[in-house]
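Here is the structure we will look at, set down as structure tokens.
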Amino acid sequence: MKTKLGVVLILSLLVNLVLASMFGVFVYRKGGISYFSTKAQTVSFSGTYLNRVSTFERLPRALGHIVFVGDSIIDQCEWNELFGIPILNRGIGGDTTVHLLNRIDEVVALKPSKVFLMIGVNDIQGHLPITDTIARYERILAALKDSKVYILSPLPVNNHIFFKDLGRTLDNGKVLELDRQIQTLAAKHAIPFIDLYSHFVKDGDMDPEYTFDGIHPNGKGYLIFKEVIQPYL
């Protein structure tokens, strides 16, 4: 009896080892742990993402307008009123390059005359490798090749405000690295890169004068957007 139990135990261990090896090969072929980080990030904001995309897809299609595309920093501003001209807002709170790449066809279908693009900080928040973010960024730019694209630099956060009660931080050094690599990508494709970072940073963080929550611009902050972006409209 003990011999049979021992055989069963050994067989069970062997089966588990085989399954673990197969899983390891699967993870490796999918691109390692970043694959699962990406999958987790994809569903993190699924409610907001799906609701907003569903709305975009059912709105009357206005062709040839200026379109602002990105995450919550784009989503939260009333661009029409800020600039006094028709602008379509295609921002979604919590959006990453993963999300945006999945929905970019809807933006392309608008045949925008100009696209102002800001995306990537939520990739850092979701622990997605910057190299993967840049690879997706390149695919987003390829999809928008028929429009005039302007890339907006990512903004720093203010860890003293936004993360003070959460016991964690978002490394502005990584935001700067993302900024540098996006700027390099923009130069590679001869796409204008609009520096907003330097207008918002103070002592390594977002200037508290321009934010209430440490990550999104307040009204005064969006006036900085207007001042910097206006010449490109």
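The values are calculated or read from the model by the stated rules, or taken from the named source; none is laboratory data. Computed from a predicted structure; not experimentally measured. Please note: Cβ atoms are built from the backbone with ideal geometry, for glycine as well, and neighbour counts cover all protein chains shown.
Observations
- Restricting the stretch 53-108 to residues that are in a loop (DSSP other than H, G, I, E, B) and charged (D, E, K, R), the residue that is surrounded by the fewest Cβ atoms within 10 Å (Cβ to Cβ): GLU78
- The one condition in (1) surrounded by fewer than 18 Cβ atoms within 10 Å (Cβ to Cβ); (2) modelled with pLDDT of 95 or more that PHE225 fails to fulfil: (1)
- For the stretch 130-151, filtering for residues that are in contact with a strand residue (DSSP E or B) (Cβ under 9 Å, 6 or more places away or on another chain) and within 15 Å of HIS99 (Cα to Cα) leaves 3.
- Helices (runs of 4 or more DSSP H) fully within the stretch 117-195 counting 2 or more residues that are exposed (fewer than 15 other Cβ atoms within 10 Å of the Cβ) and free of Cβ contacts under 8 Å to residues at least 12 places away in the same chain: 130-143, 172-188
- Note on the stretch 25-60: residues that are modelled with pLDDT of 80 or more, farther than 22 Å from MET118 by Cα and among the charged types (D, E, K, R) total 1.
- Of the candidates ASP207, ASP195, ASP213, ASP179, the single residue that is in contact with a helix residue (DSSP H, G or I) (Cβ under 9 Å, 6 or more places away or on another chain) and modelled with pLDDT under 95 is ASP213.
- Within the stretch 205-222, tally of residues that are more than 17 Å from PHE68 (Cα to Cα), of a type in the set (Gly, Ala, Ser) and surrounded by 14 or more Cβ atoms within 10 Å (Cβ to Cβ): 1
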